[in-house]
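Data block below; observations after.
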Amino acid sequence: MTGAGEARTAAPRARDAEATRRRILQAAKREFARLGFGGARVDRIAERAKANKRMIYHYFGGKEALFTAVVEEAYHDIRAAERALHLDAMEPEAALDRLVEFTWAYYLANPEFLTLVNSENLHKARHLKGSRAIRRDHPGFLGVLQRVLERGAAKGVFRPGIDPVQLNITIAALGYYYLTNRYTGAIVYDRDLMTPAALAERLAFNIETVRRLVRA
């Protein structure tokens, strides 16, 4: 039988363990986002997390598993933020506008998400192929988008039969390409793509593009 003293001791230890795990994840997120999977070093992650390499291997099993955890969390965070939009409670046109606005704002506020996705694509998604977390989170969001499209079609404002996967890819691409290619784009188009005016213009363009794409 566990005594009260042992229970009190176990609780702080559990909190300390979770805090250490969170520090490692945050440090790893910065390292992987900055240098990609190939360039990241476990030594630097441990130093930033104020932990030692042994703790990283204890909690995550190694660099590969740590990167998988970081990318899983990055996808989980954006899916959770999308759920918090409550698109089901909005009129379909407003819901779709809101999703386009949110996606653009999220990419701007979380540039590490884009670099983590880039890095995982360079490795042909080998870290996510066996991820249960990704397969658990994504279908729920696509279900919400599907219902938005169906409600819009029933209302007569959206074309029927739009594939939510294709639409989601398009919404993501409209912001993703612009931001991941902003440096080369600035040279090619001889235009600063990151001024407040340029960003506002791009968001307006994205919203109008998606509206035209789905309009009945």
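Restricting attention to segment 161-196, the residues that are in contact (Cβ under 8 Å) with a residue 40 or more places away in the chain, more than 25 Å from LEU116 (Cβ to Cβ) and not β-branched (Val, Ile, Thr) add up to 0.
Before we move on, is TYR75 in a helix (DSSP H, G or I), modelled with pLDDT under 90 and either over 30 Å from PRO160 (Cα atoms) or in the same structural domain as THR209 (by TED's automatic domain parsing) (or both)? Criteria not met by TYR75.
Counting residues in segment 193-211 that are of a type in the set (S, T, N, Q) and surrounded by 17 or more Cβ atoms within 10 Å (Cβ to Cβ) gives one or more.
Selection of helices (runs of 4 or more DSSP H) fully inside segment 128-210 by the criterion of at least 3 residues being hydroxyl-bearing (Ser, Thr, Tyr) and modelled with pLDDT of 95 or more returns 164-180.
GLU101 - would you say it is more than 19 Å from ILE169 (Cβ to Cβ), over 13 Å from the mean Cα position of the chain (by Cα), of a type outside the set (Ser, Thr, Tyr) and in the same structural domain as ALA154 (by TED's automatic domain parsing)? The answer is no for GLU101.
Quick check, is PHE67 within 18 Å of ALA40 (Cβ to Cβ), in contact with a Ser or Thr (Cβ under 9 Å, 6 or more places away or on another chain) and either in a helix (DSSP H, G or I) or of a type in the set (Phe, Trp, Tyr) (or both)? Yes, satisfied. Considering segment 139-161, the residues that are crowded, with 17+ Cβ neighbours inside 10 Å and of a type in the set (A, V, I, L, M, F, W, C) include one that is nearest to ILE78 (Cα to Cα), namely PHE141. Those residues that are outside any helix (DSSP H, G or I) and either modelled with pLDDT of 90 or more or closer than 27 Å to GLY156 by Cβ (or both), I need them from segment 86-123; list them, please. Scanning segment 86-123 gives HIS86, MET90, GLU91, ASN110.
For segment 60-104, a residue qualifies if it is over 17 Å from LEU145 (Cβ atoms), surrounded by fewer than 20 Cβ atoms within 10 Å (Cβ to Cβ) and free of Cβ contacts under 8 Å to residues at least 40 places away in the same chain, and the qualifying residues are GLY61, GLY62, LYS63, ALA65, ASP77. In a residue-by-residue description of segment 34-45, the property of being buried (at least 20 other Cβ atoms within 10 Å of the Cβ), touching a residue at least 60 places away in the same chain (Cβ under 8 Å), under 23 Å from the mean Cα position of the chain (by Cα) and not assigned by TED's automatic domain parsing to the domain that holds MET194 applies to at least one position. Among the candidates ARG159, ARG182, ARG151, the residue that is within 18 Å of LEU108 (Cβ to Cβ), out of contact with any Ser or Thr (no Cβ under 9 Å at 6 or more places or on another chain) and charged (D, E, K, R) is uniquely ARG182. Of everything in segment 105-127 that is surrounded by 14 or more Cβ atoms within 10 Å (Cβ to Cβ) and in contact with a Ser or Thr (Cβ under 7 Å, 6 or more places away or on another chain), the residue that is nearest to ARG215 (Cα to Cα) is LEU114.
The values are calculated or read from the model by the stated rules, or taken from the named source; none is laboratory data. Owing to the predicted nature of the structure, the values given are computational and were not obtained by experimental measurement. Note that each Cβ is placed from the backbone with ideal geometry, even for glycine, and that neighbours are counted across all protein chains shown.
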